[in-house]
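Structure first, then comments.
The values are calculated or read from the model by the stated rules, or taken from the named source; none is laboratory data. Given the structure is predicted, the values throughout are model-derived calculations rather than measurements. Cβ sites come from the backbone with ideal geometry, for glycine too, and all protein chains shown count toward neighbours.
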Amino acid sequence: MPWSERLFILEIFSNVCAKIGYYLLKNKDMGLISIYKNTEIGKKDAIKGLSLLVHFGIVGFTNYTGRGVRYFIKKAHFSIINYPVYIKYCEDVYGPHGSQIAMEVLIRKKIGVSAIPEELMETTKKMIRDGVLTEESVNGVKRVKEESEKYLIFSKKSVDSKILTNFFYNDISQHFTENTKKVFSAIKSFYPAPSPLNRVLERCAEFQVVPESTGLSIPPNINETVQKHIKYLIGYGAVSGGYEMYQVNHESYLDKIKKKVLLEYCDMYIGSTASTVLSMLLSKGYIEDKFIQKHLLLESQECKKTLFLLLSERFVSLQMIPRTADCAPSKSFHLWSANIRKVFGILEQKVQSKLNENYIELSTLEENKLFTVPGEYKQKTDQIFGALEKLHTFCFILSL
């Protein structure tokens with residue numbers, strides 16, 4: 001099979017799963033008999049392979065009356081792509097034991113409490129307290145009756161929120177002073193509920209916000225200090241509210257971080273000039289190429305080359321305004337624009353495609369390890385692992 005047609009998501013388990021996956025990719029809605037006969041796999045192996053692919057959400061199935069069960073490849077975002085991000089988060093917060101537990105629960109989907117080794121129980125209890133692991137529910141209702149065995153599942157929704165909050169806090173840490181970070185933490189502690197100013201002031205005192213001098217003869221006042229930093233956070237889009245009621249603006253930040261991912265992707269794979277041009281198009285709306293040349297100090301040829309490169313990647317669109325000789329004599333000209341919502345969907349596809357390319361390249365390097373210079377092999381694998389870490393993070397953010 002050509003390198004460009006291979007998909008890592010179908011090859012990470014076994015040769016049997018890969019055969020089934022590629023067969024279903026070319027043939028829609030196939031039954032079990034067709035699958036194991038056409039792929040020349042034994043019936044038992046085909047059933048095991050399908051079970052594994054269904055378990056990880058790569059293959060779906062429909063039970064038709066009279067036609068039996070039909071299998072198909074899911075085209076939506078595969079949740080398994082986010083597993084490295086979840087495991088890294090658990091490792092950063094809970095250490096190696098946390099990543100080990102997360103890996104087991106994610107792979108198995110659920111794990112019995114009795115199956116967890118004694119040395120991991122303390123970390124497991126911490127993860128349960130933090131909402132990372134939750135007890136399995138039956139039909140959406142938490143089990144009340146005590147049973148001989150309790151099962152734990154990974155709470156993806158809770159962890160998604162925690163990881164996003166971490167990104168948010170790190171972003172605030174990079175751009176603001178210690179006092180602003182403490183004020184943000186105080187407001188964040190009430191999320192998702194809005195908090196009145198008097199409660200924020202109480203929490204800021206707990207976080208030891210230092211009153212700042214205004215430069216006048218008036219002594220430093222914590223009330224004025226906190227309100228000043230709240231205004232900074234509102235201006236940055238991190239906090240929203242009014243009438244002395246404030247809350248963390250997760251929705252606004254999510255849009256901001258997705259835009260940051262888009263520009264970082266452009267910087268990695270298209271070039272820094274393309275990233276700068278796209279940033280201007282996203283902020284200005286419809287603009288002429290001459291405007292971009294003038295404000296970014298670009299040569300005409302370089303500007304047009306960059307714009308058409310972005311157009312070929314489907315990140316921008318081009319509209320020609322025809323000559324209006326009857327009412328306002330002028331030459332025809334072109335307007336460039338970028339639709340942020342449309343671009344996010346395209347970007348998610350491109351990031352998944354780059355993930356696939358990197359994993360296939362890594363697999364090819366492994367296969368040809370004996371024929372590669374050791375130093376060169378290590379350098380290439382380090383580059384690929386670095387790119388994969390970023391791409392998995394991009395994929396996670398875009399899936400939120």
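Numbers below:
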| read-out | value |
| --- | --- |
| Within the stretch 208-319, helices (runs of 4 or more DSSP H) holding 2 or more residues that are in contact (Cβ under 8 Å) with a residue 40 or more places away in the chain | 222-236, 250-269, 272-284, 289-296 |
| Of residues in the stretch 92-117 being modelled with pLDDT under 90 and among the charged types (D, E, K, R), the one surrounded by the most Cβ atoms within 10 Å (Cβ to Cβ) | 108 |
| Number of positions in the stretch 176-196 that are assigned to a helix (DSSP H, G or I), surrounded by fewer than 18 Cβ atoms within 10 Å (Cβ to Cβ) and of a type in the set (Gly, Ala, Ser) | 1 |
| Matching residues in the stretch 276-285 - criterion: being of a type outside the set (S, T, N, Q) and at pLDDT 90 or above | 277, 278, 280, 281, 282 |
| Residues being among the hydrophobic types (A, V, I, L, M, F, W, C), surrounded by fewer than 16 Cβ atoms within 10 Å (Cβ to Cβ) and in contact (Cβ under 8 Å) with a residue 60 or more places away in the chain - total across the stretch 350-400 | 1 |
| Of all residues in the stretch 13-45 being among the small types (Gly, Ala, Ser) and without any contact (Cβ under 8 Å) to a residue 40 or more places away in the chain, the one that is surrounded by the most Cβ atoms within 10 Å (Cβ to Cβ) | 18 |
| Residue identified as at pLDDT 85 or above, outside any helix (DSSP H, G or I) and within 17 Å of residue 100 (Cα to Cα) among 124, 134 | 134 |
| Unique residue being out of contact with any Phe, Trp or Tyr (no Cβ under 7 Å at 6 or more places or on another chain) and closer than 23 Å to residue 152 by Cβ when the list is 111, 47, 87 | 87 |
